[in-house]
Structures are given as C-alpha cells and as structure tokens.
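Student: Dropping a structure here in structure tokens format, bear with me for questions.
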Amino acid sequence: MATQIRIGVFVVVAGIVLVVALAVRRTEGAKDEFRFDAAKLKDRNTWTQVNNDPYQMPAAVAALCAPVVLLEPESKKNPHAASYITVYVNKAGRESMFAKQPQRFPEGSIIVKEKFNSPEDRKPLLYTIMRKRAAGYNPKVGDWEFSVVGPNGTELRASGKLENCQGCHLTKSESDFVFRPYVTSQ
C-alpha cells in the first residue's frame, strides 16, 4: 500500500513538472512570436511606403504566389487575383530597401506586401510579410521568415519557413532574397 501511494505521488509530481515545463517552453517560444497589425502601417515613424502606386506583379510571379492567395476564400475564384501590391518596410530595413545597389538587410527588417485584386481596390486580399531573423534561422533564404496574414490585418494564417515563399525568393540571392522592382526612389 505504501508503495502504491509513493508511485501515485510520483506520478502526480511528474505530471506537474511536465505541465510546468511545457508552459515554460510555450512562454519562451512566445517571446519571439511575431504579431502584425495592418492598422499600424499608417504610422510613418515606423513604416515607409515603398511604392507610390500599386505595383502589378508579373503573371509568373503571381502564379507562384497562388498557393498563398488560395488561403483566402475570396481568391479561390482566380488564383492570380492578388496581382497588385503596395509594399511597406520598417525603419530597420529602410536603408537597404532604397539602396541603389542591393545589399543585405539587417536583422529586424520587416517587409510587408499588401495584396489587392486591382489597383482601385481599397480592401486587401491578404498581407505577406518577410521578417529578417537572427543569423542561422533560415540560411537557405538569408534568414528570412515568411508570414501570411488575412485581410483583417491581424489574423496570422501561416508563418515560418514557408516553402512556397522560399521557392520564389531563392531566385533573388543577389539581393538578399528580396524582389525590388517596385521600389520608388526616395
């Protein structure tokens, strides 16, 4: 009987330790959890709009983004629907974005693409985001993390080393894996 009580106490203590360990692990992971709010793009102290007018993505690039676009139900009718983008960059990435010659973006740089069906649209289909992480996070594509946020501007749909994003950005290693044809001189 005493042995059964000891085993029972051991199991309870082990369960508590496991629950605490998992809670600590979740909290540690949350420290670097990326949160995005599209409403903050209007804060010109933090964000710079890169292109003055919506930029039409080439059909081939839009087609590569189709798997991302399909995350939004309204876009299922046309996988090439999000073919116009307005791009924003945060302070950390501003200098690299507007440099005459492509250069490496510093850790903490964030690039946001607001995607629309047409240049006249005011309601985005979704947002795609690149965030430059610490060296070693994702060396395959210059340590960029990719995220997809829904049209409400806050709902994170996918984030991390997204293969459909990486597959396209791999072709731009000479510019730190960033496409820049939409850059308007500053």
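Readers should treat all values here as calculations from the given coordinates under stated rules, not as data from a laboratory. Remember, it's a predicted structure, so these values are computed and weren't measured experimentally. Every residue, glycine among them, receives a Cβ derived from its backbone with ideal geometry; neighbour counts consider all protein chains shown.
Student: What length, rounded to one decimal in nm, is gained on full extension from residue 135 through to residue 94, with 0.36 nm per residue of separation minus their alpha-carbon distance?
Tutor: Difference between extended and current length: 12.8 nm.
Student: So which trypsin sites (Lys or Arg not before Pro) in region 96-169 pass both tests, a DSSP loop state and at most 11 other Cβ atoms within 10 Å of the Cβ?
Tutor: 100, 122
Student: Next question, about the same structure. For region 98-186, what does the alpha-carbon gyration tensor say about shape, rounded, prolate or oblate, given a ≥ b ≥ c as the root eigenvalues, a/c under 1.5 as rounded, and a/b over b/c as prolate?
Tutor: Taking the square roots of the gyration eigenvalues as a ≥ b ≥ c, region 98-186 is oblate.
Student: Along Cα→Cβ, 7 Å out, is where each label goes; now give me the distance between the ones at residue 120 and residue 43 in nm to one decimal.
Tutor: Output for this residue pair reads 3.4 nm.
Student: For region 81-186, which GluC sites (Glu not before Pro) are both in a DSSP coil and crowded by at most 15 other Cβ atoms within 10 Å?
Tutor: 107, 120, 155
Student: Given the pairs 132/172; 91/113; 140/172; 91/132; 100/123; 115/140, which are separated by over 23 angstrom at their Cα positions?
Tutor: Result: 100/123; 115/140 exceed 23 Å.
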